Amino acid sequence: MPNLLVINADGPETRVALVENGQVVEIYIERRRERGIVGNIYKGKVLRVLPGMQAAFVDIGTDKAAFLYVADVRGSPEDVKDLFVDEEDESRERRGDRERERERDGEERSNRDSRIEDLLRPNQEILLQVAKAPIGTKGSRATSYISLPGRNLVFMPTVDHVGISRRIGSEKERKRLRGIVDSMRPPGTGFIVRTVAEGVLEAELRADMEFLIKLWNSVLKKSETAKAPSLIYNDLDLLLRTVRDLFTGDIDKLIIDSKAEYERLLKFTGAFMPEYVSKIELYDKGEPIFDAYGIEMELDRALERKVFLKSGGSLVIDQGEALTAIDVNTGRFVGKRNLEETITKTNLEACKEVADQLRLRNIGGIIIIDFIDMDRESNQDKVMKAFAEAVRPDRAKTNVTKISELGLVEMTRKRTRESLGRMQTEPCFYCDGKGYLKSKATVCYEVLRQIRREGHLHADDTLVVSVHPEIAELLATSDHEFLEDLEKRLQKKIQIRPRDRFHMEHFEIRGASMSGGSDGRGGGARGPREDRAADGRGDTRGRDENRGRDENRGRDENRGRDENRGRDENRGRDENRGRDENRGRDENRERGREDGRGREERRERREESRQPREPKVVREEAKETATPSPAPVPAAASPALPSAAGEPASSD
């Protein structure tokens, strides 16, 4: 199957997948808001010199100061030299053990002679390059030995050294390349010939060298006028670095899904690698490019803790702060003949998968692999050879030890950037990244112990215990008898109140009078962790912010309901009082009208008695005309009916 470089660049991040023989082997991700700084050159200012660590912290203008070790100040950078083999390295390998040991002792004495306090001082300005990106809580690692990578060569202006990539196996080609570089390099500088330079013409190598030398001169010129801390040289972004470093003759095709980035790639490739322009293709189909090539599914698998083998076995990968542990299990694979054969086959299959997962997930540092124990030494040797062959294609430097008596393989893998898992995930906010919670029974019993410990401190006859609903259910069912015993012991009534927003491990114990207080603070009992913190008996860390917000939110809800209930009760009393007062005023007003009507009638009778008597019919009409119509009854005078506005708000 073809080897591909698949690039997804149509979103807020650029993702590059290297596919070899149909399998995704490497993933690179760079976000526009979090562009990497590895390879950038800065003019920094020394903040602190630490003789005890033989290191210094340098301000380069980023959030965290860069870490500068003493070995990155004085000698040739071993991280660069170890990747290449030259004549001196080959001759050194042929020396006897005694001479090699003597040389190592001399190097160690030289290292001890040079001390960081003799090389650097605070506030000193220094030109350095970021060699390792910030990882976790650590800042970046820097070196004062600058390296400027090109297509065919890597220019080291501060190191007098010429190296040839060890992947160039032809001795004749190695001598040819060394002769070309030695004849053109400036005195005191160094070059490393990359693998892609094999078979390249002398004119192309010369052009590459001239470009890198001009680039270094521009860096020096800018650093002379720049004020520390400042960025002097910004390395290429992920897209162009991919073309420069990964787009080799082994790659059959480069596919990208962004029209704008496609045109930029054509321009860059046409200027520096014109023979590769025909291999670049634009992906314009509707389906996302990573879905079309099955890469998205591999990305999801790379975040899983468990990886299944084709035979039915499995790997369990646990990445910790100090090291990464990989456990090999037979799983459903039961073999055919005997146990030793089954174990050996599982281990051999695991060798390839472990190497692939380390490369795909970009796991670095110390790695412990727990292969299944094998009795025969020949099988152990077979597994070690298979594993050494599996890690050979890895671009990162690896160092593998032999299988120990416990069946463990210890290895290291160079780490220059965050692993895929650390980049794509973040610690769980609910468990604080621990990966576990206290069991419900454990929290339930902590609540019971806390009630017994502090129940007598509350003067109220009723204790209100606020807990997560699942803990409340457990207390009300399985552990109800223990609550009854506590009620008898304390001579208090205990009410369990579920709180949906409470953390599973959080609870509150308060007196009944305090649980409905206006501010929700004061005499309530603390959770066990707060109590131990106050008494110095345990963890001094308080609850996390989310749990604190849940507490405040719970108290605010209680306070809000209590205040609403109080306002509704006051409103109801005020409305009833208002109705009674209105009814009384209306009745008084009616009595006043009736009294006025009576006085009017008496006045009319007196006037009639003074006038001559008229016919009866006329007198009745006059009487009806003189009598005023009854006043309408006000709405407030009707019997008061219960209304939604007049009822207290339900606490539920």
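The values are calculated or read from the model by the stated rules, or taken from the named source; none is laboratory data. Predicted model, so just to flag it, every value in this text is computed and none were measured. Glycine gets a Cβ as well: all are built from the backbone with ideal geometry, and neighbour counts include every protein chain shown. Each accessible area value is taken on the protein alone, full model and side chains, heavy atoms only, with ligands, DNA and RNA left out. Shrake-Rupley method; radii C 1.70, N 1.55, O 1.52, S 1.80 Å.
Checking the stretch 502-521 against the condition returns a match, with at least one residue being closer than 26 Å to Phe429 by Cα and at pLDDT below 90. For the stretch 399-444, the set of residues classified as crowded, with 16+ Cβ neighbours inside 10 Å, farther than 22 Å from Ile135 by Cβ and either in contact with a Gly (Cβ under 7 Å, 6 or more places away or on another chain) or not hydrophobic (A, V, I, L, M, F, W, C) (or both) consists of Gly407, Lys440, listed by residue number.
Here's the yes/no breakdown for (1) more than 30 Å from Ala302 (Cβ to Cβ); (2) at pLDDT below 90:
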| site | (1), (2) |
| --- | --- |
| Glu418 | no, yes |
| Tyr430 | no, no |
| Lys434 | no, yes |
| Val464 | yes, no |
| Leu474 | yes, no |
| Thr477 | yes, yes |
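A quick yes/no check of all residues on (1) under 33 Å from the mean Cα position of the chain (by Cα); (2) open to solvent by less than 20 Å² (accessible area, probe 1.4 Å); (3) at pLDDT below 90:
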{"residue": "Glu353", "(1), (2), (3)": "yes, no, no"}
{"residue": "Leu358", "(1), (2), (3)": "yes, yes, no"}
{"residue": "Ile363", "(1), (2), (3)": "yes, yes, no"}
{"residue": "Ile368", "(1), (2), (3)": "yes, no, no"}
{"residue": "Phe387", "(1), (2), (3)": "yes, yes, no"}
{"residue": "Arg392", "(1), (2), (3)": "yes, no, no"}
{"residue": "Arg395", "(1), (2), (3)": "yes, no, yes"}
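Of all the listed residues (Arg112, Arg104, Arg167, Arg100), the sole one being open to solvent by 70 Å² or more (accessible area, probe 1.4 Å), part of a loop (DSSP other than H, G, I, E, B), modelled with pLDDT under 85 and not small (Gly, Ala, Ser) is Arg167. Condition check: modelled with pLDDT under 90 and surrounded by 15 or more Cβ atoms within 10 Å (Cβ to Cβ). Does Thr324 satisfy that? Considered against the rule, which asks whether it is modelled with pLDDT under 90 and surrounded by 15 or more Cβ atoms within 10 Å (Cβ to Cβ), Thr324 comes out as no. The set of residues in the stretch 300-319 that are open to solvent by 10 Å² or more (accessible area, probe 1.4 Å) and in contact with a strand residue (DSSP E or B) (Cβ under 9 Å, 6 or more places away or on another chain) comprises Arg301, Glu304, Arg305, Lys306, Phe308, Leu309, Val316, Ile317, Asp318, Gln319. The listed residues are Tyr69, Tyr42, and the only one of them that is at pLDDT 90 or above and within 13 Å of Leu120 (Cβ to Cβ) turns out to be Tyr69. Counted as qualifying within the stretch 1-47 are the strands (runs of 3 or more DSSP E) with 3 or more residues that are β-branched (Val, Ile, Thr) and surrounded by 16 or more Cβ atoms within 10 Å (Cβ to Cβ), namely 13-20, 23-31. Of the residues that make up the stretch 500-507, is at least one part of a strand (DSSP E or B) and in contact with a helix residue (DSSP H, G or I) (Cβ under 8 Å, 6 or more places away or on another chain)? Yes. Every listed requirement among (1) of a type outside the set (A, V, I, L, M, F, W, C); (2) assigned to a helix (DSSP H, G or I); (3) touching a helix residue (DSSP H, G or I) at 6+ places or on another chain (Cβ under 8 Å) is met by Thr442 save one, (3). Close Cβ contacts (under 8 Å, 6 or more residues apart or on different chains) running from residues in the stretch 306-324 that are free of Cβ contacts under 8 Å to residues at least 24 places away in the same chain and within 15 Å of Leu358 (Cβ to Cβ) to residues that are surrounded by fewer than 19 Cβ atoms within 10 Å (Cβ to Cβ) and not hydrophobic (A, V, I, L, M, F, W, C) comprise Val316/Arg305; Val316/Lys306; Val316/Asp327; Val316/Asn329; Asp318/Arg305; Asp318/Asp327.
This table checks each residue for (1) touching a Cys at 6+ places or on another chain (Cβ under 8 Å); (2) loosely packed, with under 14 Cβ neighbours inside 10 Å; (3) among the charged types (D, E, K, R); (4) more than 16 Å from Glu26 (Cα to Cα).
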site	(1), (2), (3), (4)
Phe211	no, no, no, yes
Val219	no, no, no, yes
Lys222	no, no, yes, yes
Ile232	no, no, no, yes
Asp237	no, no, yes, yes
Leu246	no, no, no, no
Ile251	no, no, no, no
Asp257	no, no, yes, yes
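State yes or no: is Glu454 free of Cβ contacts under 8 Å to residues at least 40 places away in the same chain and surrounded by fewer than 20 Cβ atoms within 10 Å (Cβ to Cβ)? So Glu454 fails the test. Quick check on the stretch 476-490. Is at least one of its residues surrounded by 12 or more Cβ atoms within 10 Å (Cβ to Cβ), out of contact with any helix residue (DSSP H, G or I) (no Cβ under 9 Å at 6 or more places or on another chain) and closer than 30 Å to Gly136 by Cβ? No, there is no match, as no residue in the stretch 476-490 is surrounded by 12 or more Cβ atoms within 10 Å (Cβ to Cβ), out of contact with any helix residue (DSSP H, G or I) (no Cβ under 9 Å at 6 or more places or on another chain) and closer than 30 Å to Gly136 by Cβ.
Contact list please: Cβ distance under 7 Å, first residue in the stretch 236-251 and assigned to a helix (DSSP H, G or I), second residue of a type in the set (Asp, Glu), pairs at least six apart or on different chains. Within 7 Å, the pairs are Leu238/Glu30; Leu239/Glu261.
The set of residues in the stretch 453-471 that are in a strand (DSSP E or B) and of a type in the set (A, V, I, L, M, F, W, C) comprises Leu463, Val464, Val465, Val467.
Quick check: anything in the stretch 141-153 more than 30 Å from Glu426 (Cβ to Cβ) and open to solvent by 60 Å² or more (accessible area, probe 1.4 Å)? No, there is no match, as no residue in the stretch 141-153 is more than 30 Å from Glu426 (Cβ to Cβ) and open to solvent by 60 Å² or more (accessible area, probe 1.4 Å).
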